[in-house]
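Nothing in this text is a laboratory measurement; each read-out follows from the coordinates by a stated rule. These numbers were taken from a predicted model, which means no experiment stands behind them. No Cβ is skipped: glycine too gets one built from the backbone with ideal geometry, and neighbour counts run over all protein chains shown.
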Protein chains: 2
Amino acid sequence: MISPEENKVGFIGLGVMGKSMATHILNAGFPVVVYTRTKEKAESLVQLGAKWAESPMEVAAQANIIISMVGYPSDVREVYLGDKGIIANGQPHSYLIDMTTSTPTLAKEIYDEAKRKEMYALDAPVSGGDRGAREATLSIMVGGDQEVFNKMKPIFDLIGSTIVYQGKAGSGQHTKMCNQITIASNMIGVSEAIIYAEKSGLDPETVLQSISTGAAGSWSLSNLAPRMIEGDFEPGFYIKHFLKDMRIALDEARKMEIEMPGLTLAEQLYSDLANVGEENRGTQALYKYMSEKC
Amino acid sequence: MISPEENKVGFIGLGVMGKSMATHILNAGFPVVVYTRTKEKAESLVQLGAKWAESPMEVAAQANIIISMVGYPSDVREVYLGDKGIIANGQPHSYLIDMTTSTPTLAKEIYDEAKRKEMYALDAPVSGGDRGAREATLSIMVGGDQEVFNKMKPIFDLIGSTIVYQGKAGSGQHTKMCNQITIASNMIGVSEAIIYAEKSGLDPETVLQSISTGAAGSWSLSNLAPRMIEGDFEPGFYIKHFLKDMRIALDEARKMEIEMPGLTLAEQLYSDLANVGEENRGTQALYKYMSEKC
């Protein structure tokens, strides 16, 4: 059993997602030690009782369950595999859970390196966004050893509501890629539909009343199309992060020799959008870009 | 008020959709006169009390509310604008409701021709498929004059559950195009995700558990991805009909000078699929085609 009495949780990366997730674990009574690049982001957690550490190495020295939620695969590599990283400096029999959306290949590499040091690694990326993190309703997709997943399940239960073991190391990341691949093409279709509605003289909000609950229905149509119509391009999910994810998926697809015409198109359109300086917008800004091109 | 005592409904086109829709109207007590190209398809309705007519002209001579649910825009043109069609042979003050998915341009032409003969035309395509037709839960998207829509609302209520007036003549068809545009790109994304899941060694059904209720969620992912996985390519919605719809949308988009890269890609992929003899499969067969190309 994983109890607050016998375990100490380390949390690395306190962005919008990580902060909410760490808070849930702290509120469940676990001692939590935190590290994040920008120290101010840890303040609210420290006030709630978390302990500050000066580096991933220091987190690893104190905690036996270490969770990371950082930005890019390069950050994940540094945190786990760097000289001052977790695997080089952590304790044997520690549990290492990377929840960043990162590459399946790197997840496998971390798993293998951890094993050599008698540590247990899981790749466990999430979907559900800042709201899912805040409300502890994330979908958590897990790769690694089944018995390690079983052991860590009580921790996942604190931050998510759909928690599924997907298979060997890397499978969590591969599953997240399936999620992003599905979203990518759908964003194009939703953007095109709203543009078509406007150009043909329809009221797009009235159109949504007709189409959003039937065969055209999707999360993106219900949640992002209204923001497109209102001209609200604030990030729920950043274009720069979506691009990172699509590039990982395309890279993996190339290795497997899968053609992905829809994903390829989406990556091109979003790259164009980033190139005109929109990378810090939400993904629904695709509509704006495609609309202005018309 | 539209009552069964003072109105007679004509129904033209008794395919899978039309037959269910006409049955609901008949069951509500309206006298119904029917015509369809293949007479046997009318048998069950005639047994329920519908009257058989030998042509659209004969339907028009008897009914004052005429509904059509035929195949292609060329069929719609013949039924309404042909020498032996409804407008040339119908009664003034009749209501003409085309529920076929057809072109916005033709809808406008029928509206104008009808008006010249003191008839009232609506374009009212539907979504919801054979099941929506059977259960009277169709989404009906209506273009034409608002007061004509208001008058016909009780008829729509017999066959649908989401009934929305979208604007002037052609607006129903334009709204249906928005529906199909949204679906088109999403079908690519869903197919690619399932292919990626399989090639990367995941169990695609387990992947669906993780991704189908979050931001990647859609009607297609919940309803068609499981059929892809099972290898069930029976038509819910025929590829040949989807191609017709996408070509109408592309044609309209060209007129409006809108670029539609996602829709263009989907039309190409489905055209390839039709060219290898798969046009009578369901739209989920896109997965099969894309998978075999890998």
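Using a 7 Å projection from Cα along Cα-to-Cβ, the label point at B:Ser161 is separated from the same position in the remaining copies by 2.2 nm, smallest value first. Between the C-alpha center of region A:223-294 and that of region B:241-268 there is a gap of 21 Å. Note on region B:150-267: lysine pairs with Cα distance below 16 Å, sequence gap of 8 or more or different chains, count 4. Helix content alone sets the calculated 222 nm mean residue ellipticity of chain A: runs of n ≥ 4 DSSP H residues at -39500 (n - 2.57) each, divided across all residues, give -16000 deg cm²/dmol.
Charge tally for A:Phe149 (other residues, Cβ to Cβ under 14 Å; Lys, Arg +1; Asp, Glu -1): -2.
Considering the rotation that superimposes chain B on chain A, the residue of B whose beta-carbon lies nearest the axis, and that distance in Å, is B:Ser218, 2.
Between the amide H of A:Lys51 and those of A:Val32, A:Val33, A:Val34, distances stay under 5 Å, these residues lying 5 or more places away or on another chain, with hydrogens modeled in the peptide plane. The calculated FRET efficiency for B:Arg37 paired with B:Lys8, based on their beta-carbon distance and R0 = 22 Å, is about 0.55. For the pair region B:5-48 / region B:166-201, the C-alpha centres are spaced 31 Å from each other. Distances between copies of B:Lys84, taken at a point 7 Å out from Cα along the Cα→Cβ vector and listed shortest first: 8.8 nm. Using the Cβ-Cβ distance between A:Gln62 and A:Val276 with R0 set to 51 Å, the FRET efficiency from 1/(1 + (r/R0)^6) comes to roughly 0.65.
Only one residue of A:Asn89, B:Gly82, A:Asn280 has its Cα farthest out toward the positive end of the dipole of the protein assembly as shown, where Lys and Arg carry +1 and Asp and Glu -1 on Cβ, and that residue is A:Asn89. Between this copy and the others, label points of A:Lys41 are 6.0 nm apart in ascending order, each placed 7 angstrom from Cα in the Cβ direction.
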